[in-house]
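Worksheet: one structure, shown below.
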Amino acid sequence: MSTIERAEVFVASPGRTFVTLRITTSDGVTGLGDATLNGRELAVASYLRDHLVPLLIGKDPARIEDIWQYLYKGAYWRRGPVTMTAISAVDTALWDIKGKTASLPVYQLLGGRSRDGVLAYSHASGTDIPALLDDVDRFLSLGYKAVRAQAAVPDVGGTYGVRKGKVYEPAATALPDEQPWDTQAYLNFAPGYLEAVRDRFGFGFHLLHDIHHRLTPIEAARFGKSVEDVQLFWMEDPTPAENQDAFRLIRQHTTTPIAVGEVLTSIWDVQHLITEQLIDYIRTTVVHAGGITHLRRIFDLAALYQVRTGSHGATDLSPVSLAANVHLDLTVPNFGIQEYMGHPDEAAEVFHGGVTFSDGMLHPSEEPGLGVEYDEAAAERFPYQPRYLPVARRLDGSVHDW
Ligand code: CS2
Ligand code: MG
């Protein structure tokens, strides 16, 4: 029997920080898992190195479900982003190994294709409305059939979602940047730029918008109602989701579809959102919601309630977890859309292979496993650099949801 012989954790910052787990079997097969938790990277690296790696050595890498249950139930302490990201990394690496052992791409192990490709959306943004419109134009010219639109709120210093450099990167400072937030200014401004996008480009593509947890339920209800004519594909994270019931109020007032879940890590965190049909798209991902094994369980629950998938795919999710997500997206019956923001150029020096984009869709590699390799020597050129996500403060100085 092949056993797990080695499990190594790499922390490197090729343009941004990624934590990567590499498991090696006694047969010399390697598998990769993403363990990146933006702004809290070293906590997951330690969870893996200090607490999970010693448990993995000698285990049968083929027993993916059993290892998942052992790590989840064996922790005694339930859920949480650090634990679930660490378990995700192990699970993803074991699926990669299973694919390589079977000489099949992972999507074949998951039941094979349900579709020809994976519909992807990317992020258009601008510091003002003309710049946003130019950026939407650019993404449509690149072949995107779905585009997210965000513009900086005038006179409010730090709107989320607006790109400064080539790639959107909110975790940009060595200590958290404190940014002002004015809900009323946002509510007065955002519906207008979404209308401007439709006025210029029409309705022949999907338009998305992220509210990034900034509104109360009744504010979100008002926003959703006010943008019904622009026919959003979704409004994302309209209000924080710790209280799942809050979404019922939004639902009662608007037909604008709702997407939630990028910060949620288990089926229990999304149970009522799904079973009470309070949302339309579930945004949990391979890297933060327990790997392919657990995310598939969430997606299957969602399918029963006509909730479709729309996994998080920001820059802070490494090419490994993006690949794993695309393998899963390709197979599930209730796939909706996949976020795709790309990575800094330096990341391509460290992660070889992965997904490809053409004609608005993502495609997985046809190589056995996930189709991504980690270049350890290249990673050494990019030592870890601590970076934090910003913190938002209302105009009176009190802390708001970032
Ligand atoms: C955003 C993310 O992609 C999204 O929808 O909400 O950019 C988010 O801010 C980052 O992933 C945080 O790490
Ligand atoms: Mg988001």
field: From phi via Karplus (6.51, -1.76, 1.60), per-residue ³J(HN,Hα) for region 3-11 in Hz, x at Gly/Pro
entry: 10, 6, 9, 8, 9, 10, 10, 10, 10
task: Scan around residue 181 for amide H atoms under 5 Å from its own, H built in the peptide plane at 1.01 Å from N, and keep only partners 5 or more places away or cross-chain.
output: 393, 394, 395
query: Is region 4-104 rounded, prolate or oblate when judged by the Cα gyration tensor, a ≥ b ≥ c being the square roots of its eigenvalues, rounded requiring a/c under 1.5 and prolate requiring a/b larger than b/c?
result: oblate
- prompt: Taking K and R as +1 and D and E as -1, what net charge do the other residues with C-beta under 15 Å from the C-beta of residue 332 add up to?
  reply: +3
field: Calculated FRET value between residue 114 and residue 395, using beta carbons and R₀ = 56 Å, to 0.05
entry: 0.70
- line: Over the chain, the sum of -39500 (n - 2.57) across DSSP H runs of at least four, divided by residue number and rounded to 500 deg cm²/dmol, gives at 222 nm -10500 deg cm²/dmol
task: With a cut-off of at most 16 other beta carbons within 10 Å, and DSSP calling the residue loop, which chymotrypsin sites (Phe, Trp or Tyr not before Pro) in region 15-86 qualify? Please list them.
output: 76, 77
query: To the nearest 0.05, what FRET efficiency results for residue 216 and residue 70 with a Förster distance of 56 Å applied to their C-beta separation?
result: 0.85
- request: Determine the sum of side-chain charges near residue 143: Lys and Arg each +1, Asp and Glu each -1, restricted to other residues whose C-beta is under 14 angstrom from that of residue 143.
  value: 0
statement: Which residues qualify? For residue 213, with a placed amide H closer than 5 Å and at least 5 residues away or on another chain, they are 239
For region 147-218: rounded, prolate or oblate by the Cα gyration tensor [a/c cutoff 1.5]: oblate
query: Percentage of Cα-Cα pair distances in the chain greater than 31 Å, rounded to whole percent?
result: 35 percent
statement: Expressed per residue, the solvent accessible area of the chain in Å² (1.4 Å probe) is about 39 Å²
- prompt: Which of the pairs 145/166; 59/98; 100/166 have their Cα atoms more than 25 Å apart in this structure?
  reply: 100/166
message: Ranking request for peptides 109-122, 320-333, 297-310: highest mean number of other beta-carbon atoms within 10 Å first, then the rest in descending order.
response: 320-333, 297-310, 109-122
query: How high is the relative contact order of the chain, given as a whole-number percent (alpha carbon pairs under 8 Å, six or more residues apart)?
result: 23 percent
- request: Evaluate the relative contact order of region 151-196 (contact order divided by residue number), counting alpha-carbon pairs under 8 angstrom at least 6 apart; express in whole percent.
  value: 43 percent
message: Along the charge dipole of the chain, pointing to its positive end and built from +1/-1 on Cβ of Lys, Arg, Asp and Glu, which listed residue (284, 130, 141) has its Cα farthest out?
response: 284
In sequence order, calculated HN-Hα J values of region 41-48 (Karplus, 6.51, -1.76, 1.60; Hz; x Gly/Pro): 4, 6, 5, 6, 4, 5, 4, 5
- line: Rounded to the nearest 5, the percent of antiparallel DSSP beta bridges in the chain equals 50 percent
query: Quick one: Karplus J couplings for region 360-367, per residue in order, coefficients 6.51, -1.76, 1.60, θ = phi - 60°, nearest Hz, x for Gly and Pro?
result: x, 10, 9, 10, x, 6, 8, 5
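The values are calculated or read from the model by the stated rules, or taken from the named source; none is laboratory data. Nothing here was measured: the structure is a model prediction, and the numbers come from that model. Glycine gets a Cβ as well: all are built from the backbone with ideal geometry, and neighbour counts include every protein chain shown. Each accessible area value is taken on the protein alone, full model and side chains, heavy atoms only, with ligands, DNA and RNA left out. Shrake-Rupley method; radii C 1.70, N 1.55, O 1.52, S 1.80 Å.
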